[in-house]
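Notes follow the structure.
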Amino acid sequence: MSELVFRRAIEDDIPTLMRIRHSVTENRLSDPSRVTHAMCSDYLDRLGRGWIAELEGEMVGFSFAARDGSIWGLFVAPAREGLGAGKRLLRLAADWLFEIGHDEIRLGTEANTRADRFYAAQGWTRGDMKDNIEVWYRLRRDAA
């Protein structure tokens, strides 16, 4: 089996990563129009940084980190889950946030989902509920 390849996201990746984002079965957007091409473009460099996981030339997942110290997005195509792409994409985003000076980073995800359990399994600390749907997670540099 081929190995996963990881690289920085570029503008041309946005249509495919948006398809991946809309294909997930959990943490679905109630209004898919809320995440636009322009927003993703902004997170390529100006507001953050993005990474892509590929398998045999096919994009299978992506992550975005925001310069404010948060993970803006981490998604893997449902048919490609279980290959380790999510763990590595999360690590790339977290490492970059620590490199640019954050001592603690955070993310929000839908409570009581596989993503909720995934972040806990990666060593993130589960916090308070953000609202009625999402829970906060945090990771300190010294715990990473």
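I need the per residue convex hull volume for the chain, using only the alpha carbons, in cubic angstrom as a whole number.
Looking at the chain, the number lands at 109 Å³ per residue.
For the chain, averaging the sequence separation of C-alpha pairs within contact (under 8 Å, six or more residues apart) and dividing by the residue count gives a relative contact order of 19 percent.
Taken as Cα centroids, region 38-68 and region 86-144 sit 17 Å apart, rounded to the nearest whole angstrom.
How do the peptides 79-86, 58-65 rank, highest first, by the average count of neighbouring beta carbon atoms within 10 Å per residue? Mind dumping the intermediate values first?
On the way: 79-86: 16.1, 58-65: 23.6.
Highest mean packing first, the order is 58-65, 79-86.
Since every read-out is calculated from the coordinates, none of them should be taken as a lab result. In this text, all values refer to a predicted model and were calculated from it rather than measured experimentally. Cβ atoms come from the backbone with ideal geometry, glycine included; neighbour counts cover every protein chain shown.
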